[in-house]
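Let me begin by presenting the structure, written as structure tokens, before commenting on it.
The values are calculated or read from the model by the stated rules, or taken from the named source; none is laboratory data. Please read these numbers as outputs of a predicted model, since none were measured by experiment. Cβ coordinates were reconstructed from backbone atoms using ideal geometry, including for glycine residues, and neighbour counts include every protein chain displayed. Protein only, heavy atoms only, side chains kept; ligands, DNA and RNA dropped before computing areas. Shrake-Rupley method; radii C 1.70, N 1.55, O 1.52, S 1.80 Å.
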Amino acid sequence: NNQPDSEIYRPTLFDVLAHRALVFYKTTENSITRPADKFEIDDPQLLCEAYDFTLRKIDMRDATSSQSKALLTYQDLLKFHFPDPKLDAFVEVDIERLDFTYQNAVFQNKDEVYLEVLQNSAEGLKLHEVSALYNYEIAKLYHQQGNSYQVGVNEENRWKQKEALELCEAVIAKFPDSRAAEKCKALKSQILATSLQLTFEQHIPIGRPSRILVSYKNFEGLELTAYEISQGELKSLNSLYPQAKQLVFIQKLTVTKKWEATLKNEKDYQQHSTEVLLPPLENGEYLILATPKNKANKTFAFSPVQVTDMALIETHTPTHFDYQVI
């Protein structure tokens, strides 16, 4: 069966057969007994621009290596499409080849080498819209680096999501009807996506304030509501799907308190955590609902809490269970 755009990206029988071979070559080699001098992508020069790659000599001494056969196939495909003025099939193969090489490379600083090659490739074709496909790959790399960010660990990656977003917006503005723009719109949606989670003690004392840990992404403020809820209602709520039904169910409960919390948003598009106030509540069972101040955003989070001055301690022996109420 014909796939969409197959005439553009698989224009010949050679393309079809070569990519079918690549599906096989790119599978894992873990189950194969390998020689001591097995082939590995340990040479940074294999991660290079397309023309330079077509001139590279691939080490084929390891007859068991699927990776070397894959690289040789990519080399043949690039040579085959090099004279084609349309560039679509050529760039598609080149980006696939770069990604494969990057994912399997075992040398140090491969992120830096990969980034430089993508930037050089985009610059070399900057007047053609296919150059934006390389820029999309750069944005995707920034996005991956941004996802690895941890506070106090790799601070250099904190602003990578912002860099990815800015690059996506530049591609969309310059080549709005291109394939790269469609990819960038999808990546932009991921970067701008919101997330929200509440964490706090499930049993808190009567009439005393406590704290809620809020983990959030891309929020500036929350509206919080405490609803009265029974065990039966909580069980019914947890059985509802999709989430929209849960929100409708919650908003029919009896409201006890409403308050707001301001969240710090530094526009780094990263996940952050902060503590917000949970005001004093009377004895009973409650559901705490958090929704954004921006009503257009449908994200929400909720968690049950029991307000009580009692605690139950359980101990057990091989023959008995003992419970103590404090």
Subject >> Net dipole in debye of the chain [+1 Lys, Arg Cβ; -1 Asp, Glu Cβ; about Cα centre; nearest 20] >> reply: 780 debye
**OP:** Kindly provide the helix-only [θ] at 222 nm of the chain, computed as the sum of -39,500 (n - 2.57) over DSSP H runs of four or more divided by all residues, to the nearest 500 deg cm²/dmol?
**Re:** -12500 deg cm²/dmol
Subject >> Computed Rg/Rh of region 205-244, alpha carbon atoms with Kirkwood Rh >> reply: 1.04
Subject >> Inter-centroid distance (Cα atoms) of region 258-285 relative to region 181-208, Å >> reply: 12 Å
Original post:
Per 10 Å bin from zero, what fraction in whole % of the C-alpha pairs of region 91-220 is there, up to the bin with the longest pair?
Top reply: 11, 33, 28, 14, 7, 5, 1
Subject >> Cα-only radius of gyration and Dmax that characterise region 1-94, units Å >> reply: 14.6, 44
Subject >> Förster radius 35 Å - calculated FRET efficiency between Phe107 and Asn294, Cβ distance, rounded to 0.05 >> reply: 0.15
**OP:** Normalise the Cα radius of gyration of region 39-139 by 2.2 N^0.38 Å (N = residues in it) and let me know the number.
**Re:** 1.04
**OP:** Would you pull out the residues with amide H under 5 Å of Gln271's amide H, same chain only if 5 or more places away, H placed 1.01 Å from N?
**Re:** none
Subject >> Three principal axis lengths of region 249-300 [C-alpha, angstrom, descending] >> reply: 40, 24, 15
**OP:** Tally up the carbon and sulfur contribution to the accessible surface of the chain as a whole percent, 1.4 Å probe, everything protein left in place.
**Re:** 51 percent
**OP:** Sticking with the crude label model, points 7 Å out along Cα→Cβ, report the distance from Thr64 to Glu201 in nm, one decimal please.
**Re:** 5.9 nm
**OP:** Taking P(r) over Cα pairs in 20 Å bins from 0, in percent as the quantity of interest, determine which of (i) 20, 25, 25, 14, 11, 5, 0; (ii) 25, 45, 28, 2; (iii) 23, 38, 28, 10, 0 was computed from the displayed structure.
**Re:** (iii)
Subject >> Cα→Cβ-extended label distance, 7 Å offset, between Val248 and Leu277, nm >> reply: 3.5 nm
**OP:** State the antiparallel share, in %, of DSSP beta bridges confined to the chain, rounding to the nearest 5.
**Re:** 95 percent
